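Scroll down for the structure; my scribbles are underneath it.
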Amino acid sequence: MSKESSLHIYNSLTRTKEIFKPLNPPFVGLYVCGPTVYSDVHLGNVRSFLTFDVVYRYLTYLGHNVRYVRNITDVGHLLDDSDTGDDKIEKRARLEKIEPMEIVQKYTNGFHNTVNQFNLLPPSIEPTATGHIIEQIEMIERIIKNGFAYEVNGSVYFDVKKYSEQHNYGELSGRKLDELLEQTRDNLEGGNEKRFFADFAIWKKASQETIMKWESPWGIGVPGWHLECSVMSTKYLGQEFDIHGGGMDLKFPHHECEIAQSVGADGTNPVKYWMHGNMLTVNGTKMSKSLGNSFLPEELISGDHPLLEKGYSPMTVRFFFLQANYKSTVDFSNDALQGAEKGLIKLMNGIETLSNLIPSEKSTIDINNIISNCNKSMDDDFNTPMTIAHLFDGLKVINSINDGKESIGASDLEKMQAHYNTFVFNILGLVSESSESQTNNVENELMDIIIELRKKSKENKDWSTADLIRDELGKLNISIKDSKDKSTWSYEE
Ligand code: ZN
């Protein structure tokens, strides 16, 4: 091996040839396509990952042992998905003049920061494509062995035509090959290595300039993007697993190709249920960078964007997303966001009221319906908007108990409090944001006491104590202004 190539080949580990069997079944397997870490995560991604965060939370609440796998795509995602483009990460690395792995680290960190802000739970496993090159090569070998892939000039393509003779390529997306041919007629021109227009690369020969590349039986190259998810989902969740999720835009070709690869390699479609989250729109138009109507999560939080009247807290945004079904589009507008902001405050105030209710001898209300309705709506394909509506129905009951129009017994009250805490904080994953304002309240009350003490000292002509208080506050950059009838305080700039 030349010095040059050994420098640039990322691994040359001994391959195991072992077919992996996941440990410790039974569990509910949940696989979600994670981000390609070459740029800042956008709001559409946040919404999609939030959908599966709630799925993860609810299944866990039901008592399942959920193994949640969400990958990081750190190599192999071609720019235009046409198998001919440049790797997105490498392109970005050249632009920023840093190592591809620095790009990967930078945007992985950014992704984690963003999802933490929105209170998304971390997955059980977060595997990376570069960490599973060996398994990807092994899967390609199985596909070739079964006759569903062929090699040309150091690249390997999935043979969609051959596959379609025995299986249904398009079973997930409902697309028909002849319709696809119409749509992609242009792609046929210019002659390429593919035997058939719909074939896709599962291994791509690396060019001299490619930085991240690996040795394989077909020469030095990189895995195709669709392959990593087929490999990592089945490696950690088994040959058959429960739920595979992702954004609607991944249904075709990404997920369709995943099915074909798994069937081609191992004879089975591993996924029992597919879930696809819908898109975001802004004032009724598709959110897109090119239309100038897209904003980053930070811009939404700070309000620093021409389309936004103000900033919205991460929990307002989370609540706003959950008010829509994951299968529906969500339309951003200032009115809708402000509505969500008010709704969230109302919900949190209701929980505060609930926690302060005083129980009576017995209940005049039936709380079982209120509780079971939320379970029913979540059981109905994770219907979060309906669940929120039920929680608001319950708020009316809570308020009428608080007003003395109804009463609630001690054990019912305990059940109601547990129900609201579980659904609002554990399942919908909302966090009370009032802790900051509560801190401010305590601060205000403490300052009132200090100002009162200083006033008393002055009345008693105890000037040294009055000065001591002023000087010590000064050390904390707090200044006191005295006027005729009262003293006020403020932080100095
Ligand atoms: Zn994927």
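Rule-based calculations on the coordinates, nothing more; no lab input. Quick caveat, the model's predicted, so the values are computed rather than measured. FYI the Cβ positions are ideal-geometry reconstructions off the backbone, even for glycines, and counts take in every protein chain you see.
Quick notes on this structure:
- Label positions at Asn109 and Asn356, each projected 7 Å from the Cα along the C-beta direction, are separated by 4.4 nm.
- Folded to 0 to 90 degrees: helix 43-61 orientation relative to the chain principal axis, Cα: 80
- Rounded tilt (10° steps) of 133-145 against the dominant C-alpha axis of the chain: 40
- Charge context of Met287, other residues only, Cβ under 13 angstrom, K/R +1, D/E -1: 0
- Residue-count net charge about Gly303 - beta-carbon cut-off 13 Å; Lys, Arg +1, Asp, Glu -1: -4
- Once each of the trypsin sites (Lys or Arg not before Pro) sitting in a DSSP loop with at most 16 other beta-carbon atoms within 10 Å is removed, the chain keeps 196-309 as its longest stretch.
- A simple spin-label model places the labels of Gln239 and Glu165 2.4 nm from each other, with each point 7 Å out along Cα-to-Cβ.
- CD proxy at 222 nm, helix term only [per DSSP H run n ≥ 4: -39500 (n - 2.57); per residue of the chain; nearest 500]: -14000 deg cm²/dmol
- Extension gain, Glu99 to Glu406: 0.36 nm times the residue separation minus the Cα-Cα distance gives 104.0 nm.
- Tensor-based shape of segment 103-246 (alpha-carbon gyration tensor, a/c under 1.5 rounded, otherwise prolate or oblate): prolate
- Degrees, to the nearest 10: 435-459 long Cα axis against longest axis of the chain: 30
- By the count of neighbouring beta-carbon atoms within 10 Å, fewest first, Thr488, Thr384, Thr281 end up ordered Thr488, Thr281, Thr384.
- Alpha-carbon centroid distance for the pair segment 222-300 / segment 470-489, whole angstrom: 59
- Near Gln117: Cβ cut-off under 14 Å, other residues only, Lys/Arg at +1 and Asp/Glu at -1. The net charge is -3.
- Backbone N under 12 Å from the Met248 label point (7 Å along Cα→Cβ), restricted to segment 309-335: 325-331
- Length available on full extension from Lys458 to Leu121: 0.36 nm per residue minus the Cα-Cα distance, which gives 115.9 nm.
- Translational diffusion coefficient (Stokes-Einstein; Kirkwood radius from C-alpha pairs) of the chain at 37 °C, 0.692 mPa s, in µm²/s: 124
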